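Please treat every number below as a calculation from the coordinates, not as lab data. Remember, predicted model here, so these are calculated numbers, not experimental data. All Cβ positions, even for glycine, are placed from backbone atoms using ideal geometry, and neighbour counts span all protein chains on display.
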Protein chains: 2
Amino acid sequence: MFLSELIPMSEVLDILAENQKIMGIETIDLKDSYLRALATAIYSFHDSPPFDKSAMDGYAVIAEDTFGASSNIIKELKIIDQIGAGAFSDKKINNGEAIRIATGAPIPDGANAVLMEEYTITENEGTDDEYIKIHSQVTPGENVAISGEDIKKGDKVVDSNIIIRPQEMGLIASAGVDSIEVYKKPRVKLIITGNELVNPTKNLDKAQIINSNQYVIGSMVESCGANVDISYSQDNFNTVKEILDDSSKDYDLVITTGGTAISKGDVVIDAVDAIGEVLFHGVAIRPGKPVGFGLINETPIFMLSGYPVAAMGQFDAIVRRFLFKMQNIDFNPRMEKREAEVKIYSNLGRTDYIRVFADDEKVRSILSRGSGVIRSMVEANGYIIVDENQEGITKGDIVDVVFFEAMNWNK
Amino acid sequence: MFLSELIPMSEVLDILAENQKIMGIETIDLKDSYLRALATAIYSFHDSPPFDKSAMDGYAVIAEDTFGASSNIIKELKIIDQIGAGAFSDKKINNGEAIRIATGAPIPDGANAVLMEEYTITENEGTDDEYIKIHSQVTPGENVAISGEDIKKGDKVVDSNIIIRPQEMGLIASAGVDSIEVYKKPRVKLIITGNELVNPTKNLDKAQIINSNQYVIGSMVESCGANVDISYSQDNFNTVKEILDDSSKDYDLVITTGGTAISKGDVVIDAVDAIGEVLFHGVAIRPGKPVGFGLINETPIFMLSGYPVAAMGQFDAIVRRFLFKMQNIDFNPRMEKREAEVKIYSNLGRTDYIRVFADDEKVRSILSRGSGVIRSMVEANGYIIVDENQEGITKGDIVDVVFFEAMNWNK
């Protein structure tokens, strides 16, 4: 099959959007929610803090009792109780009185401030003392965290459609919620095709190539927050057709690599065409123009090249955003500005994913001759994406770099 | 215990370096190696490519036979064989001959270039043709990937002490290696202390606080590539001592939160002091100065605050680098330059971890009153770290931002 009519990336994005599949929702324990995609917003059952509490270790006091205290004017208050974390006091403070209080403990009735322990003098470190001497004053409200100052009961505390970080887990817990709705993780079937492929070995026969895509593309699927099972198939039309048909029934998404050997025809493309629909084949990107997309039994199928660097480029340009969106997360990696250290070549009429190495200030392209050169991906730490209307980058230009780590399922 | 003598971060780093523990090494299958820390460098068993191969679908030819061909001057070559991927040809090309060849297949003897399929004309799409007509010329070496151009046998292809990405997995496979040595993942015991703590619930009694640290710090441990088990303990000296002693024997690292309630003493610090050694307690950082570090049975113990935001700050400032280094990975998150949108306050004499939100150009601090305000961590997407010799940041200053995602175990 000739790829004479390459479609532009803009059209690819339209076709993917029309055929985007979104996973169903499941309820999980909050403890298992790290890096899952939250499906429904979280509202708080509580004010947070749930009561006025002390922000310091010290003494709950009536602020006005401390006015005028200084290193020269020592004042004295009577200690009437003490409150540890998790405890509270039934006593009410009157003028001239104080209650020893732990950080986080509820402010007792009558008090309106907390005097830090460091600004007091006691005989026995507070444990058995009847009085404290104070040499500093506090203002009303000082060192008191007011009930509901962080969150009010009924407030929306976390929005839906975000990747859950440690801090969201904490906020959800504080809201009183211990199980949440998340999008199911996509189950992806990766099918590696190619008669020439063998597993890693010290001894290669003539014409054999080591199957590296099973590792590269398999882990890239994981880097999108999805689960992957991997199979191998010979470049045989009926074998490929059968495994595609089975996989499309058992998985949420299918990815293939290889199957474009001229002597046998585009076996993967032909097999998808026979039992499903090829929606595009051939995209104006580099590396990786011979990439395809289709549907079998309504399951999306991405058909990538056999060459690892082409397959990686295709995955990053096309598959990654689809896998993110299956969990209802928009794929918008942060871009960082760097100065081009050298002229970077690119052609009009195609979107170039140029492998680059960027340091803190500058960026340079990683040179490579062929699409099989994985080493160029190892030396690179990101891409510059040059769109179809732009013809290369001049030395000294400020350009946007997408670091590989910013493209992963991780926030 | 008073924290009157806070030690500076520089001293903290020295103490951590002196007591750094590095995990042992284990051998794993390459397929399980994504995001593991490679312990020994990888050398290739093979040239890559292992033979001169075609970089295009087309015809292996003698380049000189094509010289002068153009849309006006059509030349003709005799097809003597065809080579699919994974196959090879025993035939030798002589002048006037061509062999149909698939991308990746070995260049046959006698040929020195590959003419792309697009530049040829055949009657029957190549399958049964005896001759091709060509209307373009190629130079010697064109579309041929030379044996060993990517990697030479014996070359070091991947250095040790890196976090393995998909592309390293591919390169290791291509080197002929299918099992590798990695650092074991640290097994971390997280002990949450605090009488006031309860699991997330709709109904809170007076003085109860929801235990959010089990989620926040638990998932932060995972974000450093380590495994975590979580326990809860009351603020009781003997209970804490016992669980610390047991955990120090069963785990590679122990982290505690809480245990600094004045009414009962610094129960965690006291327990570590009783059965081990406290190496520091109280650091000139904000948030989170009451952080401790010690050893029990030679196992490192980090003692964090009970307040989630203080504990998160302590974890990011102190624990994270230690956990990375346990897998022999230096913790050097990338920093990005942004313009301060507002004046940012900071004090001399302590290292401030200021929670910020940065967009593509600017950065602003996230305001918060107390260290309990998790919401500030949810609104933030990074830190500005202001060291102890610097007094705040002026509006318009260009500052370094560390994005949270750059601090995670992910490349």
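So the values come out like this:
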{"read-out": "Filtered residue count, the range A:158-198, keeping only those that are within 30 Å of A:G148 (Cα to Cα) and of a type in the set (K, R)", "value": "1"}
{"read-out": "Test: residue in the range B:310-323 that is away from chain A (no Cβ under 12 Å), in contact with a Cys (Cβ under 6 Å, 6 or more places away or on another chain) and crowded, with 22+ Cβ neighbours inside 10 Å", "value": "yes"}
{"read-out": "Residues (assigned to a strand (DSSP E or B) and surrounded by fewer than 20 Cβ atoms within 10 Å (Cβ to Cβ)) located in the range A:170-194", "value": "A:S179, A:E181, A:R187"}
{"read-out": "Of all residues making up the range B:92-114, the number that are in a strand (DSSP E or B) and over 23 Å from A:G259 (Cβ atoms)", "value": "3"}
{"read-out": "From B:I398, B:I329, B:I374, B:I366, residue being in contact with a Ser or Thr (Cβ under 9 Å, 6 or more places away or on another chain) and touching a residue at least 24 places away in the same chain (Cβ under 8 Å)", "value": "B:I374"}
{"read-out": "So A:E298, is it surrounded by fewer than 23 Cβ atoms within 10 Å (Cβ to Cβ) and over 30 Å from the mean Cα position of the chain (by Cα)", "value": "no"}
{"read-out": "Members of the range A:28-59 that are part of a strand (DSSP E or B) and more than 14 Å from chain B (Cβ to nearest Cβ)", "value": "A:A37"}
{"read-out": "Given (1) closer than 25 Å to A:A175 by Cβ; (2) under 25 Å from the mean Cα position of the chain (by Cα); (3) surrounded by fewer than 20 Cβ atoms within 10 Å (Cβ to Cβ); (4) not β-branched (V, I, T), index of the condition B:L367 fails", "value": "(2)"}
{"read-out": "Which numbered condition B:V157 misses (of (1) closer than 20 Å to B:Q327 by Cα; (2) outside any loop (DSSP other than H, G, I, E, B); (3) in contact with an Asp or Glu (Cβ under 9 Å, 6 or more places away or on another chain))", "value": "(1)"}
{"read-out": "In the range B:301-322, residue nearest to the chain's Cα centre (by Cα) [restricted to those that are in a strand (DSSP E or B) and closer than 10 Å to B:T257 by Cα]", "value": "B:F302"}
{"read-out": "Candidate set from the range B:60-99 (those that are within 13 Å of chain A (Cβ to nearest Cβ) and not small (G, A, S)); member that is surrounded by the fewest Cβ atoms within 10 Å (Cβ to Cβ)", "value": "B:D90"}
{"read-out": "Residues within the range A:272-295 that are surrounded by fewer than 18 Cβ atoms within 10 Å (Cβ to Cβ), among the small types (G, A, S) and not in a loop (DSSP other than H, G, I, E, B), tallied", "value": "1"}
{"read-out": "Out of B:Q167, B:Q137, sole residue that is more than 12 Å from every other protein chain (Cβ to nearest Cβ) and not in a strand (DSSP E or B)", "value": "B:Q137"}
{"read-out": "Residue match in the range B:100-111 (condition: surrounded by fewer than 20 Cβ atoms within 10 Å (Cβ to Cβ) and of a type in the set (A, V, I, L, M))", "value": "no"}
{"read-out": "Conditions (1) among the basic types (K, R); (2) in contact with a strand residue (DSSP E or B) (Cβ under 9 Å, 6 or more places away or on another chain); (3) farther than 22 Å from A:R320 by Cα; number of the one not met by A:K202", "value": "(2)"}
{"read-out": "Of all residues in the range B:214-234 being in a helix (DSSP H, G or I) and of a type in the set (V, I, T), the one that is farthest from B:P200 (Cα to Cα)", "value": "B:V221"}
{"read-out": "Selection from the range A:204-233 of residues that are over 18 Å from B:Q167 (Cα atoms) and at the interface with chain B (Cβ under 9 Å from one of its Cβ atoms)", "value": "A:L204, A:K206, A:A207, A:Q208"}
{"read-out": "Where a residue in the range A:64-91 is in a strand (DSSP E or B) and its partner, wherever it lies, is of a type in the set (F, W, Y), with Cβ under 6 Å and at least six apart", "value": "A:E76/A:Y131; A:K78/A:Y131"}
